[in-house]
Amino acid sequence: MAIQLTRIEDHIYLLVLSGSTTIDEIASLGSEITRLNDEHGEDYYIEVVDMSELHTIPFDLRGLRSSLAKTRVPYAALLVHPPYLATMAANILGKVTNLITEWYDTREAAIERARVLIAEKEGVKSKDPR
């Protein structure tokens, strides 16, 4: 599988994409995140998506649409080293949905931002490192 999923902490999931990723892998991953959300009693989550080692991304819009329809939408998608096409798609998604989309140079910076977003959502004061 070209996607590795790790639950970093409450509400934060790290997705590491490498090589070539397929729509089927994305659909399977969405189901797994939904299962983990339910298992941990989470009503929202943030994806930190590390694309540093990604060679190709799927561009099957019908397949992507049907796979997304079956999954819980993340509160935010924080992308690490996304390809240009992924940044364009993230910009479009951010404009037509409530999804927060941002990109970062390092995984650590994205995870720290995820913590800030959670604190803000939960109503806890925190220092945003940006």
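To make sure I understand, if each residue's beta carbon is the centre and we count other beta carbons within 10 Å, what order do 40, 11 fall in, fewest to most?
The order, fewest Cβ neighbours first, is 40, 11.
To make sure I understand, if each residue's beta carbon is the centre and we count other beta carbons within 10 Å, what order do 96, 73, 80, 48 fall in, fewest to most?
Arranged by neighbour count, lowest to highest, 96, 73, 80, 48 become 96, 73, 80, 48.
Residue by residue through segment 8-19, which ³J(HN,Hα) values in whole Hz follow from phi under the Karplus form 6.51 cos²θ - 1.76 cosθ + 1.60 (θ = phi - 60°), with glycine and proline marked x?
Values per residue, Gly and Pro as x: 6, 6, 3, 6, 10, 10, 9, 10, 10, 9, 9, x Hz.
Can you list the HN-Hα couplings for segment 31-36, worked out from phi with the Karplus curve (6.51, -1.76, 1.60; θ = phi - 60°), rounded to whole Hz and with x for Gly and Pro?
The phi angles translate into 5, 5, 5, 4, 4, 5 Hz.
Under a plain spin-label model, where a point goes 7 Å from the Cα along Cα-to-Cβ, how far apart in nm are residue 8 and residue 72?
1.8
Quick one: length gained pulling residue 99 to residue 55 fully straight, 0.36 nm per residue minus the C-alpha distance?
13.4 nm
Coordinate-derived values only; no laboratory data. Keep in mind it's a predicted model, so treat the numbers as computed, not measured. Every residue, glycine among them, receives a Cβ derived from its backbone with ideal geometry; neighbour counts consider all protein chains shown.
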